[in-house]
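To keep things clear, I will list the structure first and then write my remarks on it.
The values are calculated or read from the model by the stated rules, or taken from the named source; none is laboratory data. Note that the structure is a prediction, hence the values are computed from the model and not measured. Neighbour counts run over all protein chains shown; Cβ positions are idealised from the backbone, glycine included. Surface accessibility is based on the protein's heavy atoms, side chains included, excluding ligands, DNA and RNA. Shrake-Rupley method; radii C 1.70, N 1.55, O 1.52, S 1.80 Å.
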Amino acid sequence: MQEYDYDLQSIQAARDLARKGQVAANQIANYSVEQIDRILRSMVEVAEKNAEQLAEMAVEETTYGNVPDKIYKNHMASGLLYEQIKDKKTIGVIDVDEKNQVITIAEPVGLIMGIVPCTNPTSTILYKSMIAIKSRNAIVFSPHPKAAKCTNLAIKLMNDAAVAAGAPENVIQGISMATIAATNELMHAPEVKMIIATGGPGMVKAAYSSGKPALGVGAGNSPSYIERTANVHDAVRQIIASKTFDNGTICASEQSVICETCNHDEVVAEFKKQGGYFMSEEECKKVCAILFRNGHSMSPKFVGHTAVSIAKAAGISIPADTKVLIGEQHGVGPEWPLSYEKLTTVLGFYTVADWHEACDLSIALLQNGIGHTMNIHTEDKEIVRKFSVKPASRILINTGGTQGGTGLSTGLEVALTLGCGTWGGSSVSENVGPQHLINIKRIANGIIEPDQVAAADETFAKWHPELAAKYAHTATSGCGCSEASCAPAHESHEKSIDMPVGHGTSGISYSVGCNCCGSHAQQEEPQASSDTIDAEELKKMVNELVAAFRGE
């Protein structure tokens with residue numbers, strides 16, 4: 001029996017996953033709201049019951065973060081997410097504009113590919129599975145090799161829970177033979193219709209280069225500005241709570257703190273009081289030496305580690321109760337490595353004269369994580385207005401970046417994929433949810449006769465009165481053909497054209513015209529319904545369309 005190389009086997013396995021996923025996608029596309037909700041509730045129950053086990057496995061396998069916070073992440077990505085999305089309209093008719101007579105219908109995308117980061121290996125599976133199913137899609141994942149064991153367990157749990165509640169087989173799958181070749185094959189598989197990419201810049205860029213629609217996120221490098229009117233105690237407490245949550249593995253967490261000369265001493269004292277350790281210049285160099293590689297690229301060895309473990313590895317002595325390491329910086333760029341993203345318990349620290357300098361510094365820092373998130377601690381509404389123009393998709397006021405950016409402590413949508421907009425090369429600037437995983441189509445009823453559009457346009461008449469008058473004359477003069485020559489054409493078309501759903505039953509008139517103009521049919525049938533549809537007729541039309549979609 002012929003043996004194939006491992007990468008070739010992984011490519012074939014990826015193709016098999018895509019084909020099975022396509023079958024599942026075709027099946028779940030016809031599910032009702034009630035069926036989908038039943039599946040989601042089953043998934044939530046299983047996710048919550050296994051949240052602790054998944055968290056323990058993730059920390060053991062990756063060494064990133066801590067178990068209690070990963071448990072909460074798993075809860076956030078399942079139970080909390082469900083409460084937010086359960087009433088979202090993502091199936092069938094989701095809106096009816098009675099005034100403009102437009103019906104909006106949601107259709108699934110199909111088979112989605114999800115790229116999973118090792119920083120959130122299980123919670124990302126729960127989250128993306130939930131939003132995929134909510135929008136009636138199947139999903140196939142590409143786990144990070146560093147977290148393959150816990151990720152694949154999460155995939156199995158979610159698929160089993162979904163299938164047990166009535167979902168198609170293989171509606172949630174993952175690559176078990178994790179290779180770059182398999183991931184690349186899946187990205188380019190014809191069955192995959194969209195990619196949700198959460199991970200390193202290289203993987204996100206590859207997703208956008210695949211030729212498929214992609215929802216990707218860029219790096220974060222959130223500055224946190226403690227403005228002179230801020231409650232310093234609360235600001236420091238919120239920053240530390242954010243930066244230490246799962247040891248800083250959320251990309252919306254603070255990366256640098258900016259204070260002003262006038263509150264510098266108070267800010268420093270408060271950080272020291274609450275567990276911050278200000279490194280000397282020499283200590284900062286030692287930490288940066290192990291924290292980064294190739295300049296300012298974060299070393300995977302220290303992602304999601306505690307301040308104490310980082311200090312020990314760097315050979316510096318700090319108090320045992322230290323929560324975050326803080327290094328004073330005097331610029332932005334390669335010479336100041338703490339000015340870049342650090343998904344761990346280390347912060348850069350800056351002092352400026354006033355908000356003008358804070359503004360310039362924030363923009364400079366955001367260039368290395370543009371479009372993501374910024375935090376401001378202030379009681380001055382004018383400062384909020386001034387900083388609202390910064391190139392960040394989430395500008396958070398008086399809260400932590402981790403909890404605020406992911407929607408835990410703010411009114412933003414609960415999410416683990418945070419768009420960065422065109423600033424960060426992302427196709428979306430929002431927190432990604434099921435509403436981003438549907439195709440929207442609209443049924444629009446004619447409310448103005450096509451040959452009367454210009455005549456009925458008051459703004460056209462305002463700017464082009466003479467031409468508008470000619471259009472008006474043409475619209476009222478008829479087609480010029482005789483009734484004898486017009487009538488037969490009308491009759492023949494009436495017999496040969498299949499009428500839309502609802503014709504002859506809803507009281508709505510679907511005129512096919514006389515093949516010459518649109519005016520004669522109206523003259524022939526003055527007793528017919530008007531060109532407009534009232535609210536009751538439109539609702540009836542919607543019900544008939546929904547019934548037709550369901551094959552009733």
> Once Rh is set to the Kirkwood radius over Cα pairs, what Stokes-Einstein translational diffusion coefficient, in µm²/s, holds for the stretch 40-86 at a temperature of 4 °C and a viscosity of 1.567 mPa s?
Replying inline: 121 µm²/s
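Students often get this wrong, so check it: of 89/462; 470/540; 73/273, which have C-alpha atoms separated by over 30 Å?
Working: 89/462 41 Å; 470/540 39 Å; 73/273 28 Å.
Cα-Cα > 30 Å for 89/462; 470/540; rest within.
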> Where does the Debye-calculated log10 I(q)/I(0) of the stretch 234-326 sit at q = 0.17, 0.23 Å⁻¹, using only Cα point scatterers of equal weight, no solvent?
Replying inline: -0.77, -1.35
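For the stretch 94-158, what class follows from the C-alpha gyration tensor (a ≥ b ≥ c being the square roots of its eigenvalues): rounded when a/c is under 1.5, otherwise prolate if a/b is larger than b/c, else oblate?
Working: a/c = 3.77, a/b = 3.54, b/c = 1.07.
Note, shape of the stretch 94-158 comes out prolate.
Show 242, 317 ordered by accessible area, largest first, where the area counts protein heavy atoms only and the probe is 1.4 Å.
On the way: 242 0, 317 100 Å².
The most accessible residue leads, giving 317, 242.
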>> As I understand it, the dipole of the stretch 116-172 uses +1 on the Cβ of Lys and Arg and -1 on the Cβ of Asp and Glu, about the Cα centre. Which of 129, 151, 116 lies farthest toward its positive end?
In response: 116
>> Using the Cα atoms of the stretch 344-457, I'd like the radius of gyration and the largest Cα-Cα distance, Dmax, both in angstrom.
In response: 20.4, 67
> How much solvent-accessible surface does residue 76 expose, in Å² to the nearest 10, with a 1.4 Å probe and all protein chains in place?
Replying inline: 10 Å²
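Using DSSP, restrict attention to beta bridges with both residues in the chain and report what percent are antiparallel, rounded to the nearest 5. Walk me through the numbers before you get to the answer.
Details: 16 of 57 bridges.
Taking every DSSP beta bridge within the chain, about 30 percent pair in antiparallel fashion.
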>> Can you tell me the mean projection area, over all orientations, of the convex hull of the stretch 403-475's alpha carbons? Units nm², please.
In response: 9.0 nm²
>> What's the ranking of 142-154, 52-64 by average number of surrounding C-beta atoms within 10 Å, highest first?
In response: 142-154, 52-64
>> When the expected Rg is taken as 2.2 N^0.38 Å, what fraction or multiple of it is the alpha-carbon Rg of the stretch 350-390?
In response: 1.13
> Using alpha carbons only, how many degrees (0 to 90, rounded to 10) separate the axis of helix 33-49 from the longest principal axis of the chain?
Replying inline: 10 degrees
> What's the angle, to the nearest 10 degrees (0 to 90), between helix 6-28's Cα axis and the longest principal axis of the chain?
Replying inline: 50 degrees
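Give 146/285; 149/243; 86/381 a once-over and call out the pairs whose C-alpha atoms are over 32 Å from each other.
Details: 146/285 28 Å; 149/243 27 Å; 86/381 35 Å.
From 146/285; 149/243; 86/381, over 32 Å: 86/381.
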>> Could you tell me the extents of the stretch 139-223's C-alpha atoms along the three principal axes, largest first, rounded to whole Å?
In response: 43, 33, 24
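Any chance you could tell me what percent of the C-alpha pair distances in the stretch 47-191 go past 24 Å?
Working: 3691 of 10440 pairs.
Summing the P(r) tail past 24 Å for the stretch 47-191 gives 35 percent.
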> On average over all directions, what projected area in square nanometres does the stretch 118-263 have, based on the convex hull of its Cα atoms?
Replying inline: 11.1 nm²
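When the expected Rg is taken as 2.2 N^0.38 Å, what fraction or multiple of it is the alpha-carbon Rg of the stretch 1-97?
Values: Rg = 19.0 Å, N = 97, 2.2 N^0.38 = 12.5 Å.
Compactness ratio reported: 1.51.
Using a 1.4 Å probe and counting only protein heavy atoms, arrange 394, 442 so the residue with the most accessible area comes first. Write down the numbers at each step before the final one.
On the way: 394 10, 442 155 Å².
These residues rank, largest area first, as 442, 394.
What ratio of Cα Rg to 2.2 N^0.38 Å holds for the stretch 244-393?
Compactness ratio reported: 1.02.
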>> Per q in 0.12 Å⁻¹, report the Debye log10 I(q)/I(0) for the chain, using one uniform scatterer on each alpha carbon and no solvent.
In response: -1.08
> Using Cα atoms only, what is the angle between the long axis of helix 483-496 and the major principal axis of the chain, expressed in degrees (0 to 90) to the nearest 10?
Replying inline: 50 degrees
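Summing -39500 (n - 2.57) over the DSSP H runs of n ≥ 4 in the chain and dividing by its residue number, what mean residue ellipticity at 222 nm do you reach, to the nearest 500 deg cm²/dmol?
Details: 22 runs with 233 residues, N = 552.
Here the helix-only value at 222 nm equals -12500 deg cm²/dmol.
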> When only Cα pairs under 8 Å and 6 or more residues apart are kept, what is the percent relative contact order across the chain?
Replying inline: 15 percent
> By the gyration tensor of its Cα atoms, with a ≥ b ≥ c the square roots of the eigenvalues, what is the shape of the stretch 311-376: rounded for a/c under 1.5, prolate for a/b over b/c, or oblate?
Replying inline: prolate
>> I need the peptides 335-341, 157-163, 370-376, 280-286 ranked by packing, meaning the mean over residues of other C-beta atoms within 10 angstrom, with the highest value on top.
In response: 370-376, 157-163, 335-341, 280-286
